[in-house]
Amino acid sequence: ELQNTTGLTFTYTRSSAGVYDVKPSSNFTDEKKVYVVVNSYNNTSTAARLLSVKSIGAAAIRLSNIDIANQTSTDTIENGEIEIRIYN
C-alpha cells in the first residue's frame, strides 16, 4: 500500500481460482464514486488473459482473471498494481 487517505482498511480475499474480492472496512456509500484501475503482468504465461473489475454492491470489488481461449478463471496474476480512488 503506497498511500491510503480514505480512512478505510481494505481486505483482499481469494474467492476461487482467478477470483479475488477487495472489501473495505466500511461499505461504499451512494454519494461516493469509486474508480478502479488494475494493471497485471504475467511473466510466465503467453496465454491471452482478461482481467475484469466488477462491483459487488456497496460491499466489495471483484477482480476476475479469465483465460480468453477457454473462458475459465485462472490463477495467473503474478505482478501488477491495483488503484482504488474514491470521490465524493
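Does segment 66-81 contain any residue that is modelled with pLDDT of 85 or more and open to solvent by 40 Å² or more (accessible area, probe 1.4 Å)?
The answer is no; no qualifying residue exists.
Anything in segment 56-86 that is more than 14 Å from the chain's Cα centre (by Cα) and closer than 14 Å to Val37 by Cα? List them, or say none.
Once the filter is applied, which keeps residues that are more than 14 Å from the chain's Cα centre (by Cα) and closer than 14 Å to Val37 by Cα, segment 56-86 yields only Ile86.
From the set of residues in segment 16-39 that are closer than 18 Å to Asp67 by Cβ and under 10 Å from the mean Cα position of the chain (by Cα), which is most open to solvent (accessible area, probe 1.4 Å)?
Tyr20
The values are calculated or read from the model by the stated rules, or taken from the named source; none is laboratory data. Computed from a predicted structure; not experimentally measured. Note that we place each Cβ from the backbone using ideal geometry, even for glycine, and neighbour counts take in every protein chain shown. To get the accessible areas, we keep the full protein, side chains included, count just its heavy atoms, and leave off ligands, DNA and RNA. Shrake-Rupley method; radii C 1.70, N 1.55, O 1.52, S 1.80 Å.
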